[in-house]
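Student: The structure that follows is given in the form of structure tokens.
The values are calculated or read from the model by the stated rules, or taken from the named source; none is laboratory data. Just so it is clear, the model here is predicted, and its values are computed rather than measured. For neighbour counting, all protein chains shown are included, and Cβ atoms are generated from backbone atoms with ideal geometry for every residue, glycine included.
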Amino acid sequence: MASFDERYFSAAYGADYRQRNPPYKWRSFLRHLRSVAPRGDLLDVGCAFGLFLHEALSTYRCAGCDVSPFALRGARAALPSHVPVFAARLGELPVRRRFDAVTCFDVLEHVPDLPAALADVRRALRPGGVLCATMPVYDGPLGALVDRLDHDETHVHRRSRDFWLRSLQNGYVVRRFVGVWRYFAFGRWYVNVTSRAMRRVTPAILIVAERTEDA
């Protein structure tokens, strides 16, 4: 099982983690989430160093969790003290409260037992609460290139966008589905653009799905 320790982040991002995760990226995701869940309690699963939570604090009452002690140390140092962050993994979320939104940005593709993970998120959501998730996709005209360029061995689900949409048929209804163009150019600029019109060709997608009353 991957530890997602300092070596993982160094191999995946080098010294460019913040450059690859600029504030405008998180704000764009936040806009899509707010269009379906405009306020309330939010849990960011896989919060890493807390960069999305930092942007979400103006809208939601936030908490975060991650499997990486290394990342959590960074999140605790970066976030206000009133924002709880704790160690947890999907499938074993130790939460007793329910949330209006759960976010999983580039997380679900790492989780071996996906049905258990999605059921775990559903338990953490209030009825009508939403899951907002991003993930790489390996179909469409760019699928082979995405797969060739993806050297992250912890990506256990290298699947199509329709696979992810089907995965949310049990217990959720999709409210928003957009494509994500993303590329780190010339070691300096991170391009992150969401597009509904191009959602069938982008190398990644964003889905906002509402928890249904029954599953």
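Student: For the stretch 52-60, state whether one or more residues are more than 17 Å from the chain's Cα centre (by Cα), closer than 22 Å to Arg176 by Cα and surrounded by 15 or more Cβ atoms within 10 Å (Cβ to Cβ).
Tutor: The answer is yes; a qualifying residue exists.
Student: Report, by residue number, each residue of the stretch 128-174 that is out of contact with any helix residue (DSSP H, G or I) (no Cβ under 8 Å at 6 or more places or on another chain), surrounded by fewer than 18 Cβ atoms within 10 Å (Cβ to Cβ) and within 23 Å of Leu90 (Cα to Cα).
Tutor: Gly128, Asp150, His151, Glu153, Asp162, Phe163, Leu165, Arg166, Gln169, Val173
Student: Considering the stretch 172-191 alone, what residues qualify as being in a strand (DSSP E or B) and at pLDDT below 95?
Tutor: Arg182, Tyr183, Phe184, Ala185, Trp189, Tyr190, Val191, listed by residue number.
Student: Separate question: Quick check on the stretch 137-160. Is at least one of its residues under 23 Å from Ser35 (Cα atoms), without any contact (Cβ under 8 Å) to a residue 12 or more places away in the chain and not in a helix (DSSP H, G or I)?
Tutor: no
Student: Same structure again: Show the residue pairs meeting these rules: Cβ distance below 8 Å; 6+ apart or different chains; first residue within the stretch 67-78 and under 12 Å from His54 (Cα atoms); second residue surrounded by fewer than 21 Cβ atoms within 10 Å (Cβ to Cβ) and modelled with pLDDT of 95 or more.
Tutor: So the pair list comes out as Ala78/His54.
Student: Select, from Leu149, Leu168, Leu145, Leu114, the only residue that is closer than 21 Å to Cys47 by Cα and either among the aliphatic types (A, V, I, L, M) or at pLDDT 95 or above (or both).
Tutor: After ruling out the rest, the residue left standing is Leu114.
Student: Take Phe86 and decide whether it is in a helix (DSSP H, G or I), hydrophobic (A, V, I, L, M, F, W, C), modelled with pLDDT of 95 or more and surrounded by fewer than 18 Cβ atoms within 10 Å (Cβ to Cβ).
Tutor: When the stated conditions are applied, Phe86 does not pass them.
Let's see how each residue does on (1) in contact with a strand residue (DSSP E or B) (Cβ under 9 Å, 6 or more places away or on another chain); (2) over 11 Å from Thr103 (Cα atoms):
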position: Tyr17; (1), (2): no, yes
position: Pro22; (1), (2): yes, yes
position: Arg31; (1), (2): yes, yes
position: Asp44; (1), (2): yes, no
position: Ala48; (1), (2): yes, yes
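Student: Could you check how many residues of the stretch 1-55 are modelled with pLDDT of 95 or more and small (Gly, Ala, Ser)?
Tutor: Number satisfying all stated conditions: 7.
Student: Can you pull out every residue in the stretch 161-171 that is farther than 11 Å from Ile207 by Cα and not in a loop (DSSP other than H, G, I, E, B)?
Tutor: Hits for the stretch 161-171 are Asp162, Phe163, Arg166, Ser167.
Student: Please list, ordered by residue number, the helices (runs of 4 or more DSSP H) wholly in the stretch 1-51 having 2 or more residues that are closer than 22 Å to Ala78 by Cα and among the acidic types (Asp, Glu).
Tutor: Here the list is empty.
Student: Something else now. What are the pairs, 6+ residues apart or on separate chains, where a residue within the stretch 164-193 that is among the small types (Gly, Ala, Ser) has its Cβ under 6 Å from a residue that is at pLDDT 95 or above?
Tutor: Pairs found: Gly171/Arg122; Gly179/Ser195; Gly179/Met198; Gly179/Arg199; Gly179/Thr202; Gly179/Ile205.
Student: Report every pair of residues separated by at least 6 positions or lying on different chains whose Cβ atoms are under 6 Å apart, first residue within the stretch 1-29 and charged (D, E, K, R), second part of a helix (DSSP H, G or I) and crowded, with 16+ Cβ neighbours inside 10 Å.
Tutor: From residues that are charged (D, E, K, R), the pairs are Asp5/Phe70; Glu6/Phe70; Arg27/Glu55.
Student: Let me ask something additional. Those residues that are crowded, with 16+ Cβ neighbours inside 10 Å and in a helix (DSSP H, G or I), I need them from the stretch 61-83; list them, please.
Tutor: Phe70, Ala71, Leu72, Gly74, Ala75, Arg76
Student: Give the number of residues within the stretch 101-127 that are part of a strand (DSSP E or B) and crowded, with 19+ Cβ neighbours inside 10 Å.
Tutor: The qualifying residues number 6.
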